Amino acid sequence: MAITLENVGIAVRDIEAAISFFTDLGLTVLGRDTVSGDWADTAVGLDGNHAKIAMLGTPDGHGRLELFEYIHPEAIETQPTRPHEIGMHRVAFSVDDLDEALAVAARHGCHPLRGVATYEDVYKLTYLRGPSGILVMLAQELTKN
């Protein structure tokens, strides 16, 4: 059986704010829609499922995020995931300039949880809270020429 990763789906409080954050980091909007109906209820396992969705892609064409903002049922606010909790953890991006990516994130009010670390002189990386409390890891490979 062949398998490929299709996308990572993230429920957000405000789809426009999330789109703005991720497109400013360099992703592009591949499509937008509003979904509902029996097929959506069945696929998601949620009666009355009605959501705004946006598919975003990375510039290399390999990674995709599907953002969704629930219209119905009302979205449930939870505490943002912490780095050591079990479950959906974070979305990670490689960037060619971490300082520039952090400046973009800061314009959205998003800052590193603690600071920027260096892993074995291979990566400079950090975790930050993106829109809707999403954990986002940004990493810059230091060994690239």
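The values are calculated or read from the model by the stated rules, or taken from the named source; none is laboratory data. Owing to the predicted nature of the structure, the values given are computational and were not obtained by experimental measurement. Virtual Cβ from ideal backbone geometry, glycine too; neighbours counted across all protein chains shown. Heavy atoms of the whole protein, side chains included, go into the accessibility calculation; ligands, DNA and RNA do not. Shrake-Rupley method; radii C 1.70, N 1.55, O 1.52, S 1.80 Å.
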Sum of side-chain charges, residue 104 neighbourhood, beta-carbon under 14 Å (Lys, Arg +1; Asp, Glu -1): -4
With every protein chain kept in place and a 1.4 Å probe, the residues 19, 3, 71 fall, from largest accessible area down, as 3, 71, 19
Not counting ligands, DNA or RNA, and with a 1.4 Å probe, what is residue 36's accessible surface area in Å² rounded to the nearest 10? 60 Å²
Accessible area in the full protein assembly, largest first, 1.4 Å probe, for 107, 82: 107, 82
Cα gyration tensor category, rounded, prolate or oblate, for the range 1-68 with a/c compared to 1.5: oblate
Quick one: net charge of residue 34's neighbours, Cβ under 12 Å, K/R +1, D/E -1? 0
Using helices alone, I'd like the mean residue ellipticity at 222 nm for the chain: each DSSP H run of four-plus residues gives -39500 (n - 2.57), total over residue count, nearest 500. -5500 deg cm²/dmol
